[in-house]
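Engineer: Can you read through this structure? Questions will come right after.
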Amino acid sequence: MATNHQQAMDSGPISGRVDVDNPPFSRIFIVCSKRHTSEDMKIAFEHFGGIEDVWVVKDKLTKENRGVCYIKFTKASSAARACEEMDGKVVGGDSKPIKVMIAQSKVSGSKTDFQDDTALTRLFVICPKDYSEDNLRQKFQDFGEIESVQIVRDHATHENKGYGYVKFRKSSAAAIALENCDKALKAVWAEPKSAKIARNAAAAAAALHSTLIPHNPFLETNNFVPSAVQAPMNVGMNVPVSIPGVVDFYSAQNPTAAVAESITTSHTPTRLFVKVLPSVTAEQLSRLFDIIPGMQMCDLKRNFSTGESKGFAYVTYNSVGSAIYAKEKLNGFEYPPGSKLVVKYAEDPPGVRSNGIGQGTEAPFQVQSYGSKSSLTGNSYAVDSAGVYTSAALPAPAPLADMNSEVASRLFIVCQPAPPPETALKDVFSRFGNLIDVWMMKERNFGYAKFASKESADAAIEGLHGHEVLGMRLKVMHADPPKSEASRKRPRT
DNA sequence: CGACGGGACGC
DNA sequence: CGACGGGACGC
């Protein structure tokens, strides 16, 4: 009965004997002499690691040796070391030194490879959001001399965006690191800094319509005016460059999700503070924030006498959910391109004793007689056992499981009519403990949650199935096993 | 200057 | 019913 995972890695090369581009940069190109044989090369290079193929190139017609050779290693680190140690050396009694370099990949005919001569020392890594540069460095320092580590951060908030770069002094060290580092960091070869804009802009443009303009929360329940869809274009945002949330794929290793943090502190969760370039007009800003359904007021502060913008505004929504969503989608959004908005929850205005449910704010679920706690701050929307945004009775915040944890149970989640923001999902699912990750499929109303404990997963089903989160009803059930394996029977009708 | 072959049937 | 994700750097 036990599980035998004995699926032979059959398939192998797509066509031909050896897949020369797998793993990337595991093949070297050698300029040698016409007298060198493949046996010479094998002897000279085999001690760098497993060799899959040695090929001395010959002229098709004359069969004459052309003085070049390819060697495919099993590992990129072997190829890297071969380059570093054999370039310029003499081999097999020939007087001319050989040249050794990483071979161009066979596909992508020309220079499409991100391999200029400087490359192959830098890795792109997924970096937990609570990591510092030093934390990241420690994950790699055993593999070789590190030249630099860079965690990419939000410019306004300085928040770790969840990924970074590690640059080694030697290519072989980078390769060794790539092959042996913590798999959760998902290291891959970094592209050179040059080629980045195209893909980025394309992805952001697509994301603008798919995520900013929601088929998502709140539009069914609020007055969503289709004309607002054009707002970004009307106000001159033709080229969105960066949309937060699109890259917000990585969860903070954080006991409480952003929703809880933001709302548990002392501010009104339906009211946002926005920092924006003074050149942006009140009307432009209003159009932008009105894309999120439920905006009630956009109050750009201006100099009383001159009318010039003071560079900040308050935006109020008619529900907590809308405000959360607006903050999630627009904080860091480049508007105008090149200048990122800063969107936070607004502090309570002085003198306003915001006690409980502000009049006019129709929170999806209201705090239930929880008042006494917040005498200090006038905290009105404690998101804990009272459950201001979900009908479920949530346990106290609990830490996430380590992302390397083995998956003990996977849940299938359906949200109707649409998924709540990811932050909210993370919060509610994490409350049951041992949550590894939860995500929704892009553009869809279903998703999955992975737990490191079966008990926690079962508790999440028990606690969340049939409940609402920010107005969205959840179905939470055990997921079928991932579809990848065990479906290769006979394809009969 | 110095860049892309060979071999192949198994449910 | 609804079934399998996610990644790029301030010139």
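Engineer: Among the strands (runs of 3 or more DSSP E) confined wholly to region A:435-481, which include 1 or more residues that are among the aromatic types (Phe, Trp, Tyr) and either away from DNA strand C (no atom under 12 Å from the Cβ) or in contact with a helix residue (DSSP H, G or I) (Cβ under 6 Å, 6 or more places away or on another chain) (or both)? Explain how you work it out, then say what you get.
Structural biologist: Numbers: elements: A:435-440, A:446-451, A:472-478.
Fully inside region A:435-481 and qualifying: A:446-451.
Engineer: Which is hydroxyl-bearing (Ser, Thr, Tyr) and at pLDDT below 80, of A:11, A:95, A:26, A:77? Step through it out loud before you land on a result.
Structural biologist: On the way: A:95 fails: at pLDDT below 80; A:26 fails: at pLDDT below 80; A:77 fails: at pLDDT below 80.
Unique residue meeting the criteria: A:11.
Engineer: Which condition breaks for residue A:396 when tested against (1) surrounded by fewer than 17 Cβ atoms within 10 Å (Cβ to Cβ); (2) within 18 Å of residue A:474 (Cβ to Cβ); (3) over 20 Å from the mean Cα position of the chain (by Cα)?
Structural biologist: Here residue A:396 clears every test but (2).
Engineer: I've got another one for you. Can you name the residue in region A:433-450 that is surrounded by fewer than 24 Cβ atoms within 10 Å (Cβ to Cβ) and closer than 14 Å to residue A:461 by Cβ and is also farthest from DNA strand B (Cβ to nearest atom) among such residues?
Structural biologist: Step by step, filter region A:433-450, then rank; the result is A:433.
Engineer: Give, as residue ranges, the strands (runs of 3 or more DSSP E) completely inside region A:18-77 that count at least 2 residues that are in contact (Cβ under 8 Å) with a residue 60 or more places away in the chain, within 9 Å of DNA strand B (Cβ to nearest atom) and out of contact with any Gly (no Cβ under 6 Å at 6 or more places or on another chain). Break it down into steps so the answer makes sense when it comes.
Structural biologist: Numbers: elements: A:27-31, A:51-58, A:65-73.
Filter on region A:18-77 gives A:27-31.
Engineer: Right, another one. Considering only region A:300-326, how many residues are over 15 Å from residue A:345 (Cβ atoms) and of a type outside the set (Phe, Trp, Tyr)?
Structural biologist: Restricting attention to region A:300-326, the residues satisfying the condition of being over 15 Å from residue A:345 (Cβ atoms) are A:300-311, A:318.
Of the ones still in play, those that are also of a type outside the set (Phe, Trp, Tyr) are A:300-303, A:305-311, A:318.
The total comes to 12.
Engineer: Got at least one residue in region A:54-68 being away from DNA strand C (no atom under 16 Å from the Cβ) and closer than 11 Å to residue A:26 by Cβ? Reasoning before the result, please.
Structural biologist: Of region A:54-68, the ones away from DNA strand C (no atom under 16 Å from the Cβ) are A:54-68.
Subsequent filtering for residues that are closer than 11 Å to residue A:26 by Cβ retains none.
Scanning region A:54-68 turns up no residue that is away from DNA strand C (no atom under 16 Å from the Cβ) and closer than 11 Å to residue A:26 by Cβ.
The values are calculated or read from the model by the stated rules, or taken from the named source; none is laboratory data. Here the structure is a predicted model, which means the values were calculated and not measured. Positions of Cβ are backbone-derived with ideal geometry, glycine not excepted, and every protein chain shown enters the neighbour counts.
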